[in-house]
Amino acid sequence: MYVRPATAAAAAFLGFTLTLLGGTASSAAANGPDSAAATAAAAAADRAVLGDPVVYAHRGASAYAPENTLDAIDMAMRLGFDWVENDVQRTRDGELVVIHDDTLSRTTDVEEVFPDRKPWRVKDFTAAEIARLDAGSWFDEEFGGARVPTLREYMGRVQRNQQRLLLEIKKPELYPGIEEQTLQLLDELGWLDERHVTRRLVVQSFSADSVRIVHGLRPDLVTAFLGTPTVADLPKYAEFTDRINPWHTTISADWVEAVHDLLGAHGRAMEVDTWIVDDAATARKVADMGVDGIITNAPDVVQAAIDGL
Ligand code: G3P
Ligand code: CA
């Protein structure tokens, strides 16, 4: 398994140390116009210590196996990646399941199995009904029979694979209380102890409200907001989250630096994990911008690209 030289704990320690020394490298930029070169050198030094960006397998290694299935995280493991990303939603009878779209049509055979249930929304089906669906054949017949996993099943596989999880609460406006329910399950499964919250788990959402709720319920958890707030708005986010995770086309080195310049909810420099980067050139480009993580369907491609930097 590929293991980064700088773990999250080491990064956290370094962030703490830099804070004690007067701030992160990028905060030098705020101290005067003549500090740009020093900032760049210090940022390079930071990266040398912290290592390359962390690579996250988006919906598992979803370029090579059907997204958000157990096959996709097994594929990530086989490729040597321990960080996997997923999407969590809820069934009609209250089971948390791992699926990206809020309908079942694109990634399962639901239209054949339940032809009269249009528009085939996740929240309109029971867990038992969803368990009947084939979530693999749409991707490749080789994966026929793959299922939409419950979050409980998914966590069991993450645990077995000794992986780490970037958990996205998807469309929380459709599922009132999903934050608390998700945390309850994670707690029951032993994923909210100190070791897990410092090293193995990050919770993210496109909903700032949802991230704020998670932070309020479990202030020890690392969280991320998905989006690209303006630099002027960033301090508001820093009050309740640790990371800002933007689409790669929306960012610049200056924006990344502005995020790094702030201390997040845990008093450490905020981080940036960008998505979805699936080619070598873009991977190198965002790595050069100084991002902390790259979320990708093809983790092997991205890792090979940034290893060459
Ligand atoms: O982890 C970032 C990414 O998953 C956000 O977009 O639509 O793939 O959930 P989406
Ligand atoms: Ca996602």
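The values are calculated or read from the model by the stated rules, or taken from the named source; none is laboratory data. Quick caveat, the model's predicted, so the values are computed rather than measured. Cβ: placed from backbone, ideal geometry, glycine included. Neighbour counts: every protein chain shown. In case anyone asks, the SASA skips ligands and DNA or RNA and just uses the protein heavy atoms, side chains included. Shrake-Rupley method; radii C 1.70, N 1.55, O 1.52, S 1.80 Å.
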Answer from 199, 147, 164, 160 - the residue that is within 16 Å of ligand 1 (Cβ to nearest atom) and open to solvent by 30 Å² or more (accessible area, probe 1.4 Å): 164
Return the only residue of 216, 190 being more than 29 Å from residue 262 (Cα to Cα), more than 16 Å from ligand 2 (Cβ to nearest atom) and either open to solvent by 10 Å² or more (accessible area, probe 1.4 Å) or more than 14 Å from the chain's Cα centre (by Cα) (or both). 190
Residues 123, 171: which one is more than 16 Å from ligand 1 (Cβ to nearest atom) and either hydrophobic (A, V, I, L, M, F, W, C) or closer than 25 Å to residue 203 by Cβ (or both)? 123
Can you tell me which residues in region 169-184 are surrounded by fewer than 17 Cβ atoms within 10 Å (Cβ to Cβ) and farther than 21 Å from residue 103 by Cα? 180, 184
Members of region 219-235 that are open to solvent by 60 Å² or more (accessible area, probe 1.4 Å) and part of a helix (DSSP H, G or I): 231, 232, 235
Kindly indicate whether residue 250 is hydroxyl-bearing (Ser, Thr, Tyr) and in contact with a Ser or Thr (Cβ under 8 Å, 6 or more places away or on another chain). yes
Subset of region 243-254, residues open to solvent by less than 20 Å² (accessible area, probe 1.4 Å) and of a type outside the set (A, V, I, L, M), comes to 245, 246
For residue 231, only one of the following conditions fails: (1) touching an Asp or Glu at 6+ places or on another chain (Cβ under 9 Å); (2) closer than 23 Å to residue 58 by Cβ. What is its number? (2)
So, of the residues in region 272-300 that are open to solvent by 50 Å² or more (accessible area, probe 1.4 Å) and free of Cβ contacts under 8 Å to residues at least 40 places away in the same chain, which turns out to be nearest to residue 257 (Cα to Cα)? 288
Looking at region 54-90 only, could you name the residues that are open to solvent by less than 30 Å² (accessible area, probe 1.4 Å) and in a strand (DSSP E or B)? 54, 55, 56, 57, 83, 84, 85, 86, 87, 88, 89
Checked against (1) closer than 27 Å to residue 304 by Cα; (2) more than 16 Å from ligand 2 (Cβ to nearest atom); (3) not acidic (Asp, Glu), residue 266 satisfies every condition except (1)
